[in-house]
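The values are calculated or read from the model by the stated rules, or taken from the named source; none is laboratory data. This one's a predicted model, so the numbers in the text were calculated from it and none came from an experiment. When we count neighbours, we look across all protein chains shown, and the Cβ atoms used for this are built from the backbone with ideal geometry, even at glycine.
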Amino acid sequence: MDLPTLELAFPGPERDRGVAAILSGEKTALTGLLDLYAHAGEPVPEVGRRFSVLDSEGRRAVTIELVDVRVVPLKEVDDDFARSEGRGYADVAEWRAAHEVFFRSEGVRALLGRTPVMGDDTLVVAQRFRVVESG
């Protein structure tokens with residue numbers, strides 16, 4: 001069965017760390033900027049949706065299934081969710097700082113054609129998942 005693909009961040013060290021964190025079980029959540037979905041004309045993913053997560057070489061590294069999807073303002077993300085991202089965030093403040101830097105990065109600006117406005121009310125897609133199959 002061909003599944004839609006999911007690419008964490010951009011190819012390179014950040015993506016490789018994310019894939020490794022999924023494979024180790026440290027990463028069980030991910031966050032997307034709602035603006036990116038809207039700009040791409042893609043619907044927000046639904047619970048039960050499965051994705052093939054690609055590594056930096058474009059190969060399927062792991063299959064995940066979404067178990068919770070919420071569209072929430074940045075101010076509603078909590079410490080538990082931040083730690084579930086598997087990136088070693090101590091708390092939501094550290095998580096938020098890192099995500100704001102990424103969402104304002106050159107790569108995201110290139111995708112959107114502008115720098116997104118980041119604030120307490122900026123909407124993100126907070127997703128929790130489980131690993132279905134490795135490799």
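Using the structure shown, decide if Val62 is free of Cβ contacts under 8 Å to residues at least 40 places away in the same chain, surrounded by 12 or more Cβ atoms within 10 Å (Cβ to Cβ) and in contact with an Asp or Glu (Cβ under 9 Å, 6 or more places away or on another chain). Please lay out each step first, then the result.
On the way: free of Cβ contacts under 8 Å to residues at least 40 places away in the same chain: no; surrounded by 12 or more Cβ atoms within 10 Å (Cβ to Cβ): yes; in contact with an Asp or Glu (Cβ under 9 Å, 6 or more places away or on another chain): yes.
Against the criterion (free of Cβ contacts under 8 Å to residues at least 40 places away in the same chain, surrounded by 12 or more Cβ atoms within 10 Å (Cβ to Cβ) and in contact with an Asp or Glu (Cβ under 9 Å, 6 or more places away or on another chain)), Val62 does not qualify.
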Which one of Val53, Val101, Val108 is within 18 Å of Phe10 (Cβ to Cβ), assigned to a helix (DSSP H, G or I) and free of Cβ contacts under 8 Å to residues at least 60 places away in the same chain?
Val101
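Yes or no: Arg50 modelled with pLDDT under 95, of a type in the set (Lys, Arg), closer than 15 Å to Gln127 by Cβ and surrounded by 16 or more Cβ atoms within 10 Å (Cβ to Cβ)? Steps first, answer last, please.
Values: modelled with pLDDT under 95: no; of a type in the set (Lys, Arg): yes; closer than 15 Å to Gln127 by Cβ: yes; surrounded by 16 or more Cβ atoms within 10 Å (Cβ to Cβ): yes.
So Arg50 fails the test.
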Quick check: anything in the stretch 116-130 in a loop (DSSP other than H, G, I, E, B), among the basic types (Lys, Arg) and modelled with pLDDT of 95 or more?
no
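Quick one: count up the residues across the stretch 10-26 that are touching a helix residue (DSSP H, G or I) at 6+ places or on another chain (Cβ under 9 Å) and either exposed (fewer than 14 other Cβ atoms within 10 Å of the Cβ) or modelled with pLDDT under 95 (or both). Working first, answer last.
We begin by selecting, within the stretch 10-26, every residue touching a helix residue (DSSP H, G or I) at 6+ places or on another chain (Cβ under 9 Å); these are 10, 14, 26.
From what's left, either exposed (fewer than 14 other Cβ atoms within 10 Å of the Cβ) or modelled with pLDDT under 95 (or both): 10, 14.
The qualifying residues number 2.
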From the options Ala61, Ala29, residue that is at pLDDT 95 or above, hydrophobic (A, V, I, L, M, F, W, C) and over 25 Å from Leu112 (Cβ atoms)
Ala61
Picking from Phe10, Phe81, the residue that is part of a helix (DSSP H, G or I) and either among the aromatic types (Phe, Trp, Tyr) or over 19 Å from Val125 (Cβ atoms) (or both) would be Phe81
Odd one out for Gly88, checked against (1) outside any helix (DSSP H, G or I); (2) within 22 Å of Pro4 (Cβ to Cβ):
(2)
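Taking Gly135 as the residue in question, decide whether it is on the phi > 0 side of the Ramachandran plot and surrounded by fewer than 17 Cβ atoms within 10 Å (Cβ to Cβ). Explain how you work it out, then say what you get.
Working: on the phi > 0 side of the Ramachandran plot: yes; surrounded by fewer than 17 Cβ atoms within 10 Å (Cβ to Cβ): yes.
When the stated conditions are applied, Gly135 passes them.
For the stretch 102-129, enumerate the residues that are under 14 Å from the mean Cα position of the chain (by Cα) and more than 16 Å from Glu7 (Cα to Cα).
At the first step, the residues of the stretch 102-129 found to be under 14 Å from the mean Cα position of the chain (by Cα) are 102-103, 108, 123-129.
Result: Leu123, Val124.
Could you check the stretch 59-78 and list, in sequence order, the residues that are closer than 21 Å to Phe102 by Cα, assigned to a loop (DSSP other than H, G, I, E, B) and more than 15 Å from the chain's Cα centre (by Cα)? Don't jump to the end; show me each part of the working.
Taking the stretch 59-78 as the starting set, the residues that turn out to be closer than 21 Å to Phe102 by Cα are 69-78.
Filter once more, keeping what is assigned to a loop (DSSP other than H, G, I, E, B): 77-78.
Of everything in the stretch 59-78, just one residue is closer than 21 Å to Phe102 by Cα, assigned to a loop (DSSP other than H, G, I, E, B) and more than 15 Å from the chain's Cα centre (by Cα), namely Asp78.
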I need the full set of residues from the stretch 55-114 which are among the basic types (Lys, Arg) and closer than 20 Å to Arg128 by Cβ, in order please.
Arg70, Lys75, Arg83, Arg87, Arg96
